[in-house]
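Undergrad: Below is the structure I would like to discuss, written out as structure tokens.
The values are calculated or read from the model by the stated rules, or taken from the named source; none is laboratory data. Just so it is clear, the model here is predicted, and its values are computed rather than measured. Glycine also receives a Cβ, built like all others from the backbone with ideal geometry; neighbour counts cover every protein chain displayed. Ligands, DNA and RNA are stripped out before the accessible areas are found, and what is left, the full protein with its side chains, is counted by its heavy atoms. Shrake-Rupley method; radii C 1.70, N 1.55, O 1.52, S 1.80 Å.
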Amino acid sequence: MAARSQMAMSLGFHILFSVVGMALPVLMVIAQWRHLRSGNAAAGELSIRWAKGAALLFAVGAVTGTVLSFELGLLWPRFMEQAGPLIGMPFSLEGFAFFTEAIFLGIYLYGREKLSPWLHWASGVVVAVSGLASGVFVMAVNAFMNAPAGFVVGADGAFVDVDLVAAFFNPAFKAEALHMSLAAYASVAFVVAGIHAWRLGGERDGSAGHAFHHEALRIVCSFAVVVVPLQLASGDVAAKLIA
């Protein structure tokens, strides 16, 4: 029970930063795309500020994720001894995605004045895609724990005939990966919308601050209008899978 409580607390704290790392870069590249297409100054400023927020919270998420990686081995050694060969691949892929996100986030933060505008935007797209990939790879592990596949239990209780592909694409993978990804997008969108809506209330109509927060709400609410119905549909898929 102590191990479960510690793992739950660590996961509950880490996921707050994980979802930001998945979703905020998407809003960041949407804002920059609007700036590059229309010259909207408020959208360009949003891409800069959201990038700084993503970088700061990404760093905290990296630390909390490292704690979790140690806890897996220290708190659940028997599970990791048997399941490690099966879930090692998605964790390794998550490591690749994490470092890709870190590298291109650095390029995005420090290359704004050094790269062409569209190449700089493309580096942000890589950040958004790798952030999503990190979440998907971790969900492959979570799905495996809910619907184990890709192995046979031998006479001595050990896992034999290991099939890494079958373990990765287990019966719960598609539903869980889709639902978690959309959950990250929806939850972060509404938090960001709430912050900008609150700040908008303190700005005079026609001021630079009013235009800035109004543009933020335009982007985030448009994003949420797309994501939330998809999340409802994915929840239906997940519920039917459980049933």
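Undergrad: Considering S222, S187, S134, which residue is crowded, with 20+ Cβ neighbours inside 10 Å and among the hydroxyl-bearing types (S, T, Y)? Quick ask: steps written out before the conclusion?
TA: Details: S222 fails: crowded, with 20+ Cβ neighbours inside 10 Å; S187 fails: crowded, with 20+ Cβ neighbours inside 10 Å.
One residue alone meets the criteria, S134.
Undergrad: Can you find even one residue in segment 140-149 that is in a loop (DSSP other than H, G, I, E, B) and not aliphatic (A, V, I, L, M)? Steps first, please.
TA: Looking only at segment 140-149, we keep the residues that are in a loop (DSSP other than H, G, I, E, B), and these are 147-149.
Still in the running and not aliphatic (A, V, I, L, M): 148.
Yes, there is a match, as at least one residue in segment 140-149 is in a loop (DSSP other than H, G, I, E, B) and not aliphatic (A, V, I, L, M).
Undergrad: Now a separate question. Limited to segment 76-99, what total is found for residues that are in contact (Cβ under 8 Å) with a residue 12 or more places away in the chain, open to solvent by 50 Å² or more (accessible area, probe 1.4 Å) and either within 15 Å of M22 (Cα to Cα) or not in a loop (DSSP other than H, G, I, E, B) (or both)? Give the derivation first.
TA: To start, the set of residues in segment 76-99 that are in contact (Cβ under 8 Å) with a residue 12 or more places away in the chain comprises 76, 82-83, 85-87, 89-91, 93-94, 97-98.
Subset that is open to solvent by 50 Å² or more (accessible area, probe 1.4 Å): 76, 82, 85, 89, 91, 93, 98.
Checking which are either within 15 Å of M22 (Cα to Cα) or not in a loop (DSSP other than H, G, I, E, B) (or both) leaves us with 82, 85, 89, 91, 93, 98.
Going through segment 76-99 one residue at a time, the tally reaches 6.
Undergrad: Another one. Please work out if V60 is modelled with pLDDT of 95 or more and aliphatic (A, V, I, L, M).
TA: So V60 does not fit the description; no.
Undergrad: Can you name every residue in segment 217-243 that is farther than 23 Å from L24 by Cβ, free of Cβ contacts under 8 Å to residues at least 12 places away in the same chain and part of a helix (DSSP H, G or I)? Talk me through it step by step, then tell me what you get.
TA: Going residue by residue through segment 217-243, those that are farther than 23 Å from L24 by Cβ are 233, 236-243.
Okay, now just the ones that are also free of Cβ contacts under 8 Å to residues at least 12 places away in the same chain, so 233, 236, 239-240, 242-243.
A233, D236, A239, K240, I242 - these are the residues of segment 217-243 that are farther than 23 Å from L24 by Cβ, free of Cβ contacts under 8 Å to residues at least 12 places away in the same chain and part of a helix (DSSP H, G or I).
Undergrad: Let me ask something else. Picking from A189, A167, A133, which residue would you name as being in contact (Cβ under 8 Å) with a residue 24 or more places away in the chain, part of a helix (DSSP H, G or I), aliphatic (A, V, I, L, M) and farther than 17 Å from P90 by Cβ?
TA: Values: A167 fails: farther than 17 Å from P90 by Cβ; A133 fails: farther than 17 Å from P90 by Cβ.
Of A189, A167, A133, the one residue that is in contact (Cβ under 8 Å) with a residue 24 or more places away in the chain, part of a helix (DSSP H, G or I), aliphatic (A, V, I, L, M) and farther than 17 Å from P90 by Cβ is A189.
Undergrad: Restricting attention to segment 193-212, and to residues there that are touching a His at 6+ places or on another chain (Cβ under 9 Å) and closer than 16 Å to I30 by Cβ, which single residue is surrounded by the most Cβ atoms within 10 Å (Cβ to Cβ)?
TA: So, considering only residues that are touching a His at 6+ places or on another chain (Cβ under 9 Å) and closer than 16 Å to I30 by Cβ, the one surrounded by the most Cβ atoms within 10 Å (Cβ to Cβ) is H196.
Undergrad: Checking the structure you have, find out if any residue of segment 102-119 is closer than 26 Å to H213 by Cβ and open to solvent by less than 30 Å² (accessible area, probe 1.4 Å). Please lay out each step first, then the result.
TA: Step one: list which residues in segment 102-119 are closer than 26 Å to H213 by Cβ, which gives 105, 108-109, 112-113, 117.
Now drop any that are not open to solvent by less than 30 Å² (accessible area, probe 1.4 Å), which leaves 105, 108.
The answer is yes, given that some residue of segment 102-119 is closer than 26 Å to H213 by Cβ and open to solvent by less than 30 Å² (accessible area, probe 1.4 Å).
Undergrad: Just one of (1) surrounded by fewer than 17 Cβ atoms within 10 Å (Cβ to Cβ); (2) among the small types (G, A, S); (3) under 20 Å from L27 (Cβ atoms) trips up G154, so point out which.
TA: Exception for G154: condition (3).
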